[in-house]
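This report refers to the structure that appears directly beneath it.
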Amino acid sequence: MLLIKSPTLITASDTFKADILIEGEKIAMIGKKINAPDAQVINASGKLVFPGGVDPHTHFDLPMFGTVSSDDHYTGHKAAAFGGTTTVIDFVPQDEATLEASVAAWHAKAEGKAAIDFGFHMNVTRLTAGVEAEIPRLLDWGISTLKVFMAYNGRLRLQDGEIFQVLRIAKENGMLTMLHAENGDVIDVLVAEALATGHTQPVWHARTRPGWGAVEAVLRGCALAAQAEAPLYVVHMNTAGGVDQLAYARDRGLPVMGETCPQYLFFTEAHLAREDGAKWVASPPLRMVTDQQRLWRGLADGVLQTIGTDHCPFFFDGSTPIEYEGQQIAIPGKELGAHDFTKIPNGLPMVGDRLPVLWTFGVLAGRLTPNQFVALTSTNPAKIFGLYPRKGALLPGSDADLVIWDPEKVVEYGLAYAHHRTDYNLFEGWELTGFPEKVFLRGQLIVDQGRWLGKAGAGRFLERGTGEIL
Ligand code: URP
Ligand code: ZN
Ligand code: ZN
């Protein structure tokens, strides 16, 4: 038994002082002055306690552009834990002949590596009669969410009619469809034109993926969902207009939800124009300050429900090794696109940064309340993705996934604090106030004042069912 004494608890709805008693893997009791003489006591007076973060959007060990995302299901989990996240949901690519084989292949990658609890979403990127028939079986394997793409023509994209079909099948089976909303046809035309005229720098990644493409794609997705009478979750939203379209659909009672990510809140196209702009290449791309403002407002006013990360890191210079757990590691990365932005692997490191940067620049900056912070980064993703109240909650019976947060700790953030297996951090040198002090996974202390106590293989696969519509 473990007794956490006198912290301030922050949940999605309340802030109050109480003790927390943990028995085994679960929260046993929350109350004032809990008496548990046999318990080991942690004095957390002056500290905050949140439910462990739930990141609904990661890509570990993902093959792309002839390389692979540089965090695997161990290193990515470890980085997540250092930043206060104890649950992640990763996307299974539809790379094998059947969904079953694709899921098995992803389990094989995570096997023996997972260090925090994790679930899977299934990408549906080729829709055949066989796949349609197989989708409901995903539920037997604990997967209740499907991602479809309106972009990446010839690779991942489904046609609108196919997305409509997926939405209907998902709805019939109590599953949720997740949408990558960009206009693949326009992107193809603009990319060909850019390359033909010698525009090869990273900023052309954004210039060839216009914001209007995302705006119309969000509305198109909502309209398809309306016609299928199905719920929809739009991932990694990056435009003001996209948030407006989502608000339009929600105002009409449609069960549509939205996620954004820290990169869209803190960086703009100007970062892509830097000499090291490849570090920020991700899809969809970074946009403008006005987009950031609408995204923040969407988070505060409830149009957007979650902040995920879309964590998909690559080395900036994959020819130069870094030291990771005593080994020299180099994985080909952004340099693959040094002469052609279309060859820069898409994605960036974020899973460990999410809570620390959002606390300082979301909560302390007055953009989010502490309760909204917990709702957006833990409770809402747990609810939407069928994990609540096991995850995302400080309640008796919930998994004892907790973050003891030191609100006074000031750090100059960057590679020294982030534990992603890559050679750069997008927040290098940013001053943060407030940082995770101790992180517990099902009652086990896995991070203690910057020390890693977690273990590869200790993370558990989370079988998920139907979630909530928020
Ligand atoms: O650039 C990104 N985000 N890579 C991951 C794939 C996706 O669309 O989420
Ligand atoms: Zn996507
Ligand atoms: Zn993604």
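Observations, loosely collected:
- On full extension, the segment bounded by PHE461 and GLN449 gains 1.7 nm, given 0.36 nm per residue less the C-alpha separation.
- Whole-Hz couplings from phi, Karplus 6.51/-1.76/1.60, listed for region 187-203; x for Gly and Pro: 4, 4, 5, 5, 5, 4, 5, 4, 5, 5, 9, x, 8, 10, 7, x, 4
- Modelled FRET efficiency - R0 22 Å, ARG274 with ALA365, Cβ distances, 0.05 increments: 0.40
- Translational D in µm²/s for region 310-466 (Stokes-Einstein at 25 °C, 0.890 mPa s, Kirkwood Rh from C-alpha pairs): 139
- For HIS73, net neighbour charge (Lys/Arg +1, Asp/Glu -1) across residues whose Cβ lies under 11 Å away: -2
- ASP140-LEU195 pseudo-label distance in nm [points 7 Å out on the Cα-to-Cβ vector]: 4.2
- Multiplying the residue separation of SER6 and GLU323 by 0.36 nm and removing their Cα-Cα distance gives an extension gain of 110.2 nm.
- Every Cα-Cα pair in region 1-157 was counted, and those over 22 Å apart are 55% of them.
- Sorting 250-259, 80-89, 449-458 by average packing, meaning the other beta carbons within 10 Å per residue, from highest down gives 80-89, 250-259, 449-458.
- Using only alpha-carbon positions in the chain, the gyration tensor eigenvalues give semi-axes of 34, 25, 22 Å once each is multiplied by 5 and square-rooted (largest first).
- Count Lys and Arg as plus one, Asp and Glu as minus one, and take only other residues whose Cβ is under 11 Å from that of ALA18; the net charge is then +2.
- Within region 1-72, percent of DSSP bridges classed antiparallel, to nearest 5: 70
- In the chain, the DSSP beta bridges split such that about 50 percent are antiparallel, to the nearest 5.
- Solvent exposure of region 52-384 amounts to 32 Å² per residue of accessible area, where only protein heavy atoms count and the probe is 1.4 Å.
- Counting 0.36 nm for each residue step from ASP95 to HIS339 and taking away their Cα separation leaves a gain of 85.0 nm.
- Across all directions, the average projected area of the convex hull around the alpha carbons of region 287-326 is 5.0 nm².
- The alpha carbon centroids of region 123-182 and region 277-322 are separated by 24 Å.
- When each of LYS26/LYS113; LYS147/LYS383; LYS343/LYS438; LYS334/LYS383 is checked by Cα-Cα distance, pairs over 29 Å: LYS343/LYS438; LYS334/LYS383
- When its C-alpha radius of gyration is set against 2.2 N^0.38 Å (N residues), region 297-361 gives a value of 1.49.
- Within region 231-369, percent of DSSP bridges classed antiparallel, to nearest 5: 35
- Considering only Cα atoms, the convex hull volume of region 199-354 works out to 117 Å³ per residue.
The values are calculated or read from the model by the stated rules, or taken from the named source; none is laboratory data. Every value quoted in this text rests on a predicted model; they were computed, and no experiment measured them. No Cβ is skipped: glycine too gets one built from the backbone with ideal geometry, and neighbour counts run over all protein chains shown. Heads up: the accessible areas ignore ligands, DNA and RNA and are worked out on the full protein's heavy atoms, side chains in. Shrake-Rupley method; radii C 1.70, N 1.55, O 1.52, S 1.80 Å.
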